[in-house]
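What follows is a single structure, written as structure tokens, with notes after it.
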């Protein structure tokens, strides 16, 4: 459930829109920032908060790719493999990550440290190939640079 | 050309430096004009939207009803998700105040008291950068109540998406803003009559809005002389793929594609030849390398060449590129991003991807080329929004312009064909 601090933020967010349903996406973001993912219990809770049926909240959570309805590893490595990144060698970057993290796209490593995802264009085509960890973008990657980034998270 | 949207001035993203260089001067000027004079100025400038459709911006602003009891809204589209497009991110980072100034000017022109800037969820870091700039602008009285003592008030709210390409489509954006799944709406009614929360709404791209301060500051006559008369102004061109210096370049419209590739982006690594160019983001029709000679980055020139400006996100491919792999990847993207409302798109995008995978693995039959074309033709024009067209155009143009690439990848054995059909069904 949302902490007192998160609830305060949620209250403020509701005032930004003429209808409370519009606060759903921002409040789901708050929930995810607090917990790292969005559980069924949380979806029901947020639904009650905004007077929305659980089915609506579930529909929204599963529609948008950035809401995690499963727990992730400590670091979420998102690798773009769309066209501009592909042309500049994203498959080698993905290979390096799979090998190093012991997880394929969609998987979390056995030690719970890494979750690897293959993602669509992140809007960093000028710095292709790229990966993102949280809000941080890492661009102009080489396999060596990728190794270094992952090492720095040890 | 002098750079206006991404000028080479250190710390231009800060309010102080922006003000030192005349920032918010256009807002002051606009507030001294009548709202309809502001719209008229933008209309006469011939500014056309930079989000992909090239629609005349001033004309769009005139669609907003003047007499209405309902609230009116502006949505600034920063959902930038079209593969090959990465220009708006530069604006959030390097020139956020121009976006804020343009947003307030647009609100004033249309009598709008709330604007939402919708930014894709992946740009969390850039949302924070823009929020910082917005807080500074509020503190200085450029946004909020009684702006610069003019009596005009408007608020700007940043709204973060959560990962869905379709939300860049204007009606999907409005549904997403309302807290729903990003499903495009059937038009009519158009947003200017019935938009977000059932109220009159205008949706403009981030880069488009940044042109408003420029037009107000220097006048429509000055602006309309930059670049191509029918599609004038500065334009941010993103160049990616096989070039030596990928990046966003601000140029006047009408720049030669070859100049963009060779002069700005430093040419092709190892001096290889260009096999193909996608001129304006992954949904625009692919051009053969030898056919880009003389083609310019503007609406008419690219249309004549059989493609479109789109978001001006150019993707360059050298002579060694496996175009079957390219089109398979593009089709996978549209399959992944189809919202699922319309059957031709929901089913068709998946079929395109599956059949293209047969070409990739060498299991396709020669008749699969026509099958691809047939599916693409049946998606195009048969869906609520343009995602269906966006999925069809790359496939249609790839087959039309590079049919030999498909023929080369057809299976040599009929047995492989049978097994691939069985595997796909």
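Mind pulling the angle between the C-alpha long axis of helix B:367-379 and the longest principal axis of chain B? Nearest 10 degrees, somewhere in 0 to 90. Orientation of helix B:367-379: about 30 degrees from the principal axis.
Counted over the protein assembly as shown, the DSSP beta bridges are approximately 45% antiparallel. Computed from the Cβ-Cβ distance with R0 of 45 Å, the FRET efficiency linking residue B:70 to residue A:140 stands at 0.40.
Rounded to the nearest 10 degrees, the inclination of helix A:54-63 to the longest alpha-carbon principal axis of chain A is 20 degrees.
Could you tell me the calculated FRET efficiency between residue B:3 and residue B:113, based on Cβ-Cβ distance and R0 = 45 angstrom, to the nearest 0.05? Could the numbers behind the result be given before it?
On the way: r = 33 Å, r/R0 = 0.72.
Calculated value: 0.85.
With no solvent and one point on each alpha carbon, what is the Debye value of log10 I(q)/I(0) for the stretch B:176-247 at q = 0.18, 0.21, 0.24, 0.27 Å⁻¹? Summing over Cα pairs of the stretch B:176-247 leads to -0.91, -0.94, -1.01, -1.14. Here the translational diffusion coefficient of the stretch A:4-63 follows from Stokes-Einstein with Rh set to the Kirkwood radius across Cα pairs; for 4 °C and 1.567 mPa s it amounts to 114 µm²/s. Compactness of the protein assembly as shown was expressed as the Cα radius of gyration divided by 2.2 N^0.38 Å, which yields 0.96. Using the average count of surrounding beta-carbon atoms within 10 Å as a protection proxy, the listed peptides B:165-175, A:143-153 rank, highest first, as B:165-175, A:143-153.
The helix-only estimate of mean residue ellipticity at 222 nm for chain B, built from DSSP H runs of length n ≥ 4 each weighted as -39500 (n - 2.57), is -12500 deg cm²/dmol after division by the residue total. Between residue A:48 and residue A:72, the FRET efficiency estimated from the beta carbon spacing at R0 = 25 angstrom works out to 0.50. Within 10 Å of the Cβ of each residue in B:157-164, the mean number of Cβ atoms contributed by other protein chains is 6.
What is the mean number of Cβ atoms from other protein chains located within 10 Å of the Cβ atom of each residue in peptide B:184-197, rounded to a whole number?
Details: counts 0, 0, 0, 0, 0, 0, 0, 0, 0, 0, 0, 0, 4, 5.
For peptide B:184-197, the averaged partner shielding equals 1.
For the stretch B:15-225, the ratio of Cα radius of gyration to the globular rule of thumb 2.2 N^0.38 Å stands at 0.94.
With both partners inside the stretch B:15-225, how many of the DSSP beta bridges are antiparallel, as a percent to the nearest 5?
On the way: 2 of 19 bridges.
Close to 10 percent.
For the stretch B:231-318, the pair-distance distribution built from all alpha carbon pairs, in bins 10 Å wide starting at 0, is 20, 60, 20, 1 percent. Put a dot 7 Å past the Cα of residue B:62, heading toward its Cβ, do the same for residue A:39, and the two dots end up 5.8 nm apart.
Looking at the P(r) of the stretch B:1-135, how many percent of alpha-carbon pairs lie beyond 24 Å?
Working: 3026 of 9045 pairs.
So the pairs more than 24 Å apart make up 33 percent of the total in the stretch B:1-135.
Inverting the pair-averaged 1/r between distinct Cα atoms of chain B gives 22.4 Å as its Kirkwood hydrodynamic radius. Across all directions, the average projected area of the convex hull around the alpha carbons of the stretch B:107-231 is 9.5 nm². Across the stretch B:161-281, the convex hull enclosing all Cα atoms gives 160 Å³ per residue.
Figure the gain on full extension for residue B:186 and residue B:270 (residue separation times 0.36 nm, minus the Cα-Cα span) and round it to one decimal in nm. Spell out each step's value before the answer.
Numbers: separation 84, 0.36 × 84 = 30.24 nm, distance 4.86 nm.
Fully extending the segment from residue B:186 to residue B:270 adds 25.4 nm.
Whole-percent P(r), the stretch A:75-152, all Cα pairs, 5 Å bins from 0: 3, 19, 32, 28, 14, 4, 1. Using Cα atoms only, what is the angle between the long axis of helix A:143-152 and the major principal axis of chain A, expressed in degrees (0 to 90) to the nearest 10? For helix A:143-152, the angle is close to 50 degrees. Which residues in the stretch B:79-94 place their backbone N less than 17 Å from a point set 7 Å from the Cα of residue B:135 along the Cα-to-Cβ direction? Of the residues in the stretch B:79-94, B:93 have backbone N under 17 Å from the label point off residue B:135. For the residues of B:173-183, the average number of beta carbons from a partner chain within 10 Å of their own beta carbon is 5. Peptide packing: for B:182-189, B:385-392, the average count of neighbouring Cβ atoms within 10 Å per residue gives the ranking B:385-392, B:182-189, highest mean first. Scoring A:83-93, B:74-84, B:264-274 by mean Cβ neighbours within 10 Å over their residues and listing the highest first yields B:74-84, A:83-93, B:264-274. Measuring nothing but alpha carbons in the stretch B:323-424 and taking Rh as the Kirkwood radius, the Rg to Rh ratio lands at 0.97. With bins 5 Å wide beginning at 0, the percent of Cα pairs of the stretch B:290-370 falling in each bin runs 3, 13, 16, 16, 19, 19, 12, 3, 0.
Only the coordinates and a few stated rules stand behind these numbers; no lab work does. These numbers come from a predicted model, not from an experiment. Positions of Cβ are backbone-derived with ideal geometry, glycine not excepted, and every protein chain shown enters the neighbour counts.
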